[in-house]
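For reference, the structure discussed in these notes is given below.
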């Protein structure tokens with residue numbers, strides 16, 4: 001009990017040093033990355049505060065807008081979506097280039113050296129921080145009175161992905177960490193291009209295909225996690241891989257459920 005109390009007091013009150021969640025659970029097996037541990041926003045308490053503030057702000061915005069006319073936000077939506085298309089393309093191409101330069105395969109890519117791994121880690125840090133900016137997706141929905149779009153899936157995805165990428169970036173921002181940000185950034189190029197075009201009322205028939213690509217990405221992430229866990233000698237980060245595996249599995253289940261309800265609903269039959 002004394003040890004648990006000391007950990008809690010250190011977490012909440014001692015801001016002179018950063019908490020080390022995996023270190024507290026698994027000891028010296030998971031030292032924070034020497035590359036990224038001192039970068040901005042790499043204290044888990046800041047990540048938790050930002051994520052919780054996101055939920056609080058969205059709740060307050062939805063309540064505020066209940067009896068008010070919606071804002072159109074056309075100009076801001078165009079900027080927002082165009083910016084995320086460009087940023088996502090930059091991250092996708094940059095990560096793919098670094099992965100190719102480092103000779104990465106699909107899975108089981110270990111750390112090489114701090115000097116070699118640092119450019120990849122920087123790109124993954126940009127990916128991590130971009131998740132804060134993507135909170136504006138929900139802000140836009142709330143201000144446009146589109147609260148029906150603010151689903152459990154939407155909130156869980158935005159809230160949790162920022163935290164899961166703090167975890168990966170803080171402990172293992174290289175090697176196999178490249179695959180998920182690269183694929184996710186590619187999906188976001190498609191997704192925000194769709195949002196950008198529909199802002200101008202341009203017909204875009206590929207909405208369901210974007211959801212299929214999203215489901216496929218989580219299938220890959222589940223397979224990656226399972227591979228890292230089960231294949232002997234793959235990577236010595238089994239516990240981190242287990243966390244990533246179950247996180248990807250939760251998103252896969254939610255996206256499959258969303259796809260089933262949205263695109264596979266039975267049409268009512270006409271009665272004579």
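Yes or no, residue by residue, for (1) at positive phi; (2) in contact with a helix residue (DSSP H, G or I) (Cβ under 7 Å, 6 or more places away or on another chain); (3) surrounded by 14 or more Cβ atoms within 10 Å (Cβ to Cβ):
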{"position": "202", "(1), (2), (3)": "no, no, no"}
{"position": "205", "(1), (2), (3)": "no, no, no"}
{"position": "210", "(1), (2), (3)": "no, yes, yes"}
{"position": "216", "(1), (2), (3)": "no, no, yes"}
{"position": "223", "(1), (2), (3)": "no, no, yes"}
{"position": "227", "(1), (2), (3)": "no, no, yes"}
query: Has region 52-59 got any residue that is touching a helix residue (DSSP H, G or I) at 6+ places or on another chain (Cβ under 9 Å) and part of a loop (DSSP other than H, G, I, E, B)?
result: no
Query raised in the report: Residue check: is residue 235 modelled with pLDDT under 95, in contact with a helix residue (DSSP H, G or I) (Cβ under 9 Å, 6 or more places away or on another chain), closer than 29 Å to residue 41 by Cα and surrounded by 15 or more Cβ atoms within 10 Å (Cβ to Cβ)?
Result: yes
Considering region 65-80, residues that are assigned to a helix (DSSP H, G or I) and free of Cβ contacts under 8 Å to residues at least 12 places away in the same chain, and then whichever is farthest from the chain's Cα centre (by Cα), we arrive at 75
Counting only residues that are surrounded by 12 or more Cβ atoms within 10 Å (Cβ to Cβ), assigned to a loop (DSSP other than H, G, I, E, B) and touching a helix residue (DSSP H, G or I) at 6+ places or on another chain (Cβ under 7 Å), region 32-51 contains a total of 8
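Per-residue answers, yes or no, for (1) modelled with pLDDT of 95 or more; (2) more than 25 Å from residue 20 (Cα to Cα); (3) out of contact with any helix residue (DSSP H, G or I) (no Cβ under 7 Å at 6 or more places or on another chain); (4) surrounded by fewer than 16 Cβ atoms within 10 Å (Cβ to Cβ):
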{"site": "81", "(1), (2), (3), (4)": "yes, yes, no, no"}
{"site": "84", "(1), (2), (3), (4)": "yes, yes, no, no"}
{"site": "95", "(1), (2), (3), (4)": "yes, yes, no, no"}
{"site": "111", "(1), (2), (3), (4)": "no, no, no, no"}
{"site": "130", "(1), (2), (3), (4)": "yes, no, no, no"}
{"site": "134", "(1), (2), (3), (4)": "yes, yes, no, no"}
{"site": "158", "(1), (2), (3), (4)": "yes, no, no, no"}
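The values are calculated or read from the model by the stated rules, or taken from the named source; none is laboratory data. These numbers come from a predicted model, not from an experiment. FYI the Cβ positions are ideal-geometry reconstructions off the backbone, even for glycines, and counts take in every protein chain you see.
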